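Chemist: Quick one: structure below, then a few questions.
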Amino acid sequence: MALLIADTDVLIDFLAGHNPTADRIALHLEEGTLCTTTVTRFELLSGARTATQERRIRQLLEALPTLPLDDAAADQAAHVRQTMERNGTSIGMGDSLIAGIVLCHRGILLTRNRRHFEIVPGLNLAD
């Protein structure tokens, strides 16, 4: 079974209790069927505005395996970015890095940001 990889937006929804996303994330956390990326980890932690927010984010991240931005994922992300720029589109560096990690692990990305990610060739998105 392919890895289900959570993007930043759905984890923010979980932390804020926004449904139906929060319930879906809670189910996957309980089942142990969800992971995330180092890029999402960075985005979540850098967005914490209070000690309470940071503590909640760290508790969530402790429950989630984190996929690294290693050489293979960085190479894949660079390929995504180059390909898209040649086609006249861009999804930004952070999303390119996330896409590279997901592609490298042959995962399925769970995101609300379908507009950015659905144009990445070969990237599988969760329903």
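The values are calculated or read from the model by the stated rules, or taken from the named source; none is laboratory data. Just so it is clear, the model here is predicted, and its values are computed rather than measured. Every residue, glycine among them, receives a Cβ derived from its backbone with ideal geometry; neighbour counts consider all protein chains shown.
Chemist: Only one of these conditions is not met by Ala6: (1) modelled with pLDDT under 95; (2) closer than 18 Å to Asn113 by Cβ. Which number is it?
Modeler: If we test Ala6 against (1) modelled with pLDDT under 95; (2) closer than 18 Å to Asn113 by Cβ, just (1) comes out false.
Chemist: For the stretch 59-84, what are the residues that are among the charged types (D, E, K, R) and closer than 19 Å to Pro121 by Cα?
Modeler: Asp75, Arg81
Chemist: What tally of residues in the stretch 88-127 results from selecting those that are free of Cβ contacts under 8 Å to residues at least 60 places away in the same chain, among the charged types (D, E, K, R) and under 18 Å from Thr38 (Cα atoms)?
Modeler: 1
Chemist: Which ones in the stretch 92-115 are surrounded by 19 or more Cβ atoms within 10 Å (Cβ to Cβ) and out of contact with any strand residue (DSSP E or B) (no Cβ under 6 Å at 6 or more places or on another chain)?
Modeler: Asp95, Ser96, Leu97, Ala99, Gly100, Leu103, Cys104, Thr111, listed by residue number.
Chemist: Does the stretch 1-13 hold any residues that are in contact (Cβ under 8 Å) with a residue 40 or more places away in the chain and surrounded by fewer than 22 Cβ atoms within 10 Å (Cβ to Cβ), and which are they?
Modeler: Ala2, Leu3, Leu4, Asp9, Asp13
Chemist: Kindly indicate whether Ala72 is more than 21 Å from Leu3 (Cβ to Cβ) and among the aliphatic types (A, V, I, L, M). Walk me through how you get there before you give the answer.
Modeler: On the way: more than 21 Å from Leu3 (Cβ to Cβ): no; among the aliphatic types (A, V, I, L, M): yes.
No; evaluated as a whole, the condition is false for this residue.
Chemist: Checking Ser90 against (1) at pLDDT below 95; (2) within 24 Å of Leu4 (Cβ to Cβ); (3) in contact with a helix residue (DSSP H, G or I) (Cβ under 7 Å, 6 or more places away or on another chain); (4) not basic (Lys, Arg), which single condition isn't satisfied?
Modeler: Condition not satisfied by Ser90: (2).
Chemist: With the condition kept exactly as written, say whether any residue in the stretch 65-85 is surrounded by 15 or more Cβ atoms within 10 Å (Cβ to Cβ), within 15 Å of Ile12 (Cβ to Cβ) and either among the charged types (D, E, K, R) or in contact with a helix residue (DSSP H, G or I) (Cβ under 9 Å, 6 or more places away or on another chain) (or both).
Modeler: Checking the stretch 65-85: not a single residue is surrounded by 15 or more Cβ atoms within 10 Å (Cβ to Cβ), within 15 Å of Ile12 (Cβ to Cβ) and either among the charged types (D, E, K, R) or in contact with a helix residue (DSSP H, G or I) (Cβ under 9 Å, 6 or more places away or on another chain) (or both).
Chemist: With (1) more than 13 Å from the chain's Cα centre (by Cα); (2) within 15 Å of Asp9 (Cα to Cα) as the list, and Arg112 as the residue in question, which single condition is left unmet?
Modeler: (1)
Chemist: Related question: Residues in the stretch 101-115 that are more than 16 Å from Met84 (Cβ to Cβ), of a type outside the set (Val, Ile, Thr) and assigned to a strand (DSSP E or B): how many?
Modeler: Summing the residues that are more than 16 Å from Met84 (Cβ to Cβ), of a type outside the set (Val, Ile, Thr) and assigned to a strand (DSSP E or B) in the stretch 101-115 gives 1.
Chemist: Can you go through Thr37, Thr50 and tell me which one is touching an Asp or Glu at 6+ places or on another chain (Cβ under 9 Å), among the hydroxyl-bearing types (Ser, Thr, Tyr) and either surrounded by fewer than 14 Cβ atoms within 10 Å (Cβ to Cβ) or in contact (Cβ under 8 Å) with a residue 40 or more places away in the chain (or both)?
Modeler: Numbers: Thr50 fails: touching an Asp or Glu at 6+ places or on another chain (Cβ under 9 Å).
Selected residue: Thr37, the only one of Thr37, Thr50 that is touching an Asp or Glu at 6+ places or on another chain (Cβ under 9 Å), among the hydroxyl-bearing types (Ser, Thr, Tyr) and either surrounded by fewer than 14 Cβ atoms within 10 Å (Cβ to Cβ) or in contact (Cβ under 8 Å) with a residue 40 or more places away in the chain (or both).
Chemist: If I ask for residues that are outside any helix (DSSP H, G or I) and either surrounded by 17 or more Cβ atoms within 10 Å (Cβ to Cβ) or aliphatic (A, V, I, L, M) (or both), which ones from the stretch 116-126 would you list?
Modeler: Within the stretch 116-126, Ile119, Val120, Leu123, Leu125, Ala126 qualify.
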